[in-house]
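One structure below.
Read-outs: derived from the displayed coordinates by stated rules, not from any lab. None of these values were measured; they are calculated from a predicted model. Glycine gets a Cβ as well: all are built from the backbone with ideal geometry, and neighbour counts include every protein chain shown.
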Amino acid sequence: METPRPIGTGIYLVIDPSMPKPQLYDKLDAVLGESIAALQIWDHFRKGEDIPALIGEICRRCHARNVPVLINNRWSYLVDTPLDGVHFDTIPHGYKAVQAAIDRPFRCGITCTNDMEPVCWARDHGADYISFCSMFPSKTVSSCELVTPGSVRQARAIYGGPVFLAGGILPGNVRELHELHYAGIALISGIMGSDSPAEAIREYKKHIQITKTQLP
């Protein structure tokens, strides 16, 4: 059974699959040339979309660069597509049943806030990473509460795996996060909303400070 691709460090890219395909693929190809930690497909598909076909095409492009692809919440697509894993916005119910249905190794991450319950879930279920949202105010993550630095530090004492930070992160404020010791930052509009996504990634990389953390 094939081992899913590992989550890297640096830029964790989230893409909106409802973007027009030519624009989506052009930007995706530009970004993949810059080396990213992983790619997540946001759970925001157009009505009538052939979702498995779209996932397959995104995976084909990413896997050619050895970049893992995760789906936001909709874990059932791991059964019949080459996805590497799933990112949960909240603690999933019946996770053992989810694992049994997928019936193969896969990567798993979960969004965390100031509540340590998802952090403890990640520790107890061997999640591959956790992602904190939102570090700063952001239009694209308006539903997330602002995370305190103390919450990130507390989580690192609980969970030994990689920690990603997300929400409102810009090249101009990312330096405020250096003391938190993170594996990377998760971005959507800061990259895919740019006319030059590859250049945007390079700009972020100038300012991020990565702490490489591995699961025991």
### Task
Considering only the stretch 60-102, state which residues are of a type in the set (S, T, N, Q) and touching a residue at least 12 places away in the same chain (Cβ under 8 Å).
Asn66, Asn72, Asn73, Ser76, Thr81, Thr90
### Message
Being in contact with a Leu (Cβ under 9 Å, 6 or more places away or on another chain) and farther than 23 Å from Gly190 by Cβ: is that true of Ala127 here?
### Response
yes
### Task
Provide a single number: the residues in the stretch 178-208 that are part of a loop (DSSP other than H, G, I, E, B), under 26 Å from Arg156 (Cα atoms) and more than 15 Å from the chain's Cα centre (by Cα).
2
### Message
Cβ-Cβ distance below 6 Å, separation of 6 or more or different chains: which pairs start in the stretch 104-118 with a residue that is without any contact (Cβ under 8 Å) to a residue 24 or more places away in the chain and acidic (Asp, Glu) and end on one that is assigned to a loop (DSSP other than H, G, I, E, B) and surrounded by fewer than 22 Cβ atoms within 10 Å (Cβ to Cβ)?
### Response
none
### Query
Does any residue of the stretch 158-174 turn out to be within 23 Å of Ala38 (Cα to Cα) and in a helix (DSSP H, G or I)?
yes
### Task
Have a look at Ala127, Ala100 and point out the one that is farther than 18 Å from Trp42 by Cβ and either charged (D, E, K, R) or under 17 Å from the mean Cα position of the chain (by Cα) (or both).
Ala127
### Task
Check off (1) more than 15 Å from the chain's Cα centre (by Cα); (2) assigned to a helix (DSSP H, G or I) for Ala122 and give me the number that stays unchecked.
(1)
### Query
Can Ala101 be described as within 26 Å of Ala53 (Cα to Cα) and hydrophobic (A, V, I, L, M, F, W, C)?
yes
### Summary
Leu146 vs (1) hydrophobic (A, V, I, L, M, F, W, C); (2) in a loop (DSSP other than H, G, I, E, B); (3) more than 25 Å from Pro17 (Cα to Cα); (4) under 17 Å from the mean Cα position of the chain (by Cα): all pass except (4)
### Summary
Condition set aliphatic (A, V, I, L, M) and farther than 14 Å from Pro162 by Cα, scope the stretch 108-135, selection surrounded by the most Cβ atoms within 10 Å (Cβ to Cβ): answer is Met135
